[in-house]
Structure formats: C-alpha cells, structure tokens
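Here's the structure, in structure tokens; my notes come after.
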C-alpha cells in the first residue's frame with residue numbers, strides 16, 4: 001500500500017465516521033420533532049373539543065398514556081398555555097389554537113428539512129462506503145499473494 005493510498009483510505013474512513021455520527025444525531029432530532037408534533041396535535045384535538053363545550057359541561061380529558069379523567073369545564077372560553085421554562089399564559093381557545101397550529105407548521109417544516117438532510121447524508125454515506133470498498137480492493141489486489149504451505 002502506497003502512502004497516498006493509506007492517506008486516502010484514512011480520509012475516507014474518517015469521513016465515514018463523521019457521516020455516521022451526523023446521521024445518528026439527525027435521526028434523534030427527527031424523532032424528537034415527531035414527538036413534539038404528536039403532542040401538539042393532541043393538544044389541538046382537546047382545544048377543538050373544548051370549543052364545543054359550555055360552562056359546567058363535563059368531558060373526558062386525555063392526560064396522556066391513554067388515561068382519561070372526567071373534567072368539568074369551568075370556563076370554555078379561556079385556556080392556560082405553557083410557553084416553556086414554567087411560564088404560562090391565559091388566552092382564548094382560538095388564540096391557543098392559532099399558536100399551536102403555528103408551532104405544528106414550524107415543526108413540520110423543521111421535520112421536512114431534517115429529513116431531506118438525512119437523505120443526503122445517507123446518499124453520501126453510500127458513496128463513501130463504495131469508495132472505501134473500491135480502494136480496499138485495489139490495495140488488496142496490489143499486495144503480493146500470500147503463499148500457502
């Protein structure tokens with residue numbers, strides 16, 4: 001194996017490792033975004049159900065994990081929405097729906113962008129793997145055959 005071949009093989013290997021690492025990170029980010037999208041969509045369904053309720057009316061409310069509690073609606077016109085870091089605001093159901101819909105749209109755009117980036121990295125990983133295998137085959141072909149005893 002020549003020094004140039006060894007350097008090229010090392011370069012390809014290093015890029016393969018970085019690409020694999022980036023693929024894993026992207027996959028994790030995609031999965032997290034999917035969880036957020038599902039969570040927000042569940043919230044939208046509850047908001048839509050609350051919209052049709054009147055003061056004092058009861059409903060089953062999903063608290064997660066397929067667990068429901070019987071809840072009495074005290075004020076169907078107002079909801080409290082978490083903004084993060086323990087901050088909550090009170091707003092109308094319509095305003096909350098608009099904010100959640102906007103969040104879902106933003107998350108879906110992020111999901112699409114990350115998915116496209118993920119596909120590009122998969123294609124790059126395939127090219128690198130092919131290059132690595134071709135170079136390894138060239139190097140093995142250039143070595144003198146091992147004599148069998």
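The values are calculated or read from the model by the stated rules, or taken from the named source; none is laboratory data. A quick note: this is a predicted structure, and the numbers were derived from the prediction, not measured. Note: ideal-geometry Cβ built from the backbone for every residue, glycine included; neighbour counts use all protein chains shown.
Surrounded by 13 or more Cβ atoms within 10 Å (Cβ to Cβ), without any contact (Cβ under 8 Å) to a residue 12 or more places away in the chain and part of a helix (DSSP H, G or I) - does that describe any residue in segment 75-94? The answer is no; no qualifying residue exists. Being under 30 Å from residue 129 (Cβ atoms), assigned to a helix (DSSP H, G or I), in contact with a helix residue (DSSP H, G or I) (Cβ under 7 Å, 6 or more places away or on another chain) and touching a residue at least 12 places away in the same chain (Cβ under 8 Å) is a condition met by at least one residue of segment 105-113. Inspect segment 115-131 for any residue being more than 27 Å from the chain's Cα centre (by Cα), under 30 Å from residue 21 (Cβ atoms) and either free of Cβ contacts under 8 Å to residues at least 24 places away in the same chain or exposed (fewer than 15 other Cβ atoms within 10 Å of the Cβ) (or both) and give the result as yes or no. Within segment 115-131, one or more residues are more than 27 Å from the chain's Cα centre (by Cα), under 30 Å from residue 21 (Cβ atoms) and either free of Cβ contacts under 8 Å to residues at least 24 places away in the same chain or exposed (fewer than 15 other Cβ atoms within 10 Å of the Cβ) (or both). Mind counting the residues in segment 15-28 that are surrounded by 15 or more Cβ atoms within 10 Å (Cβ to Cβ) and under 27 Å from residue 109 (Cα atoms)? Residues flagged as surrounded by 15 or more Cβ atoms within 10 Å (Cβ to Cβ) and under 27 Å from residue 109 (Cα atoms) within segment 15-28 amount to 4.
Checking the condition in a strand (DSSP E or B), more than 30 Å from residue 4 (Cα to Cα) and out of contact with any helix residue (DSSP H, G or I) (no Cβ under 6 Å at 6 or more places or on another chain), which residue from 45, 60, 25 passes?
After applying the criteria, what remains is 60.
Pairs, please: C-beta under 6 Å, at least 6 apart or cross-chain, first residue more than 14 Å from residue 124 (Cβ to Cβ) and in segment 4-23, second in a helix (DSSP H, G or I)? Cβ pairs passing all conditions: 5/139; 9/135.
Farther than 30 Å from residue 9 by Cα, modelled with pLDDT under 95 and over 24 Å from the mean Cα position of the chain (by Cα): does that describe residue 70? Answer is yes for this residue.
Against the numbered list (1) closer than 30 Å to residue 3 by Cβ; (2) surrounded by 15 or more Cβ atoms within 10 Å (Cβ to Cβ), residue 134 comes up short only at (2). Among the residues that make up segment 30-51, is at least one of them over 30 Å from residue 116 (Cα atoms), over 30 Å from the mean Cα position of the chain (by Cα) and either surrounded by 10 or more Cβ atoms within 10 Å (Cβ to Cβ) or at pLDDT 90 or above (or both)? Yes.
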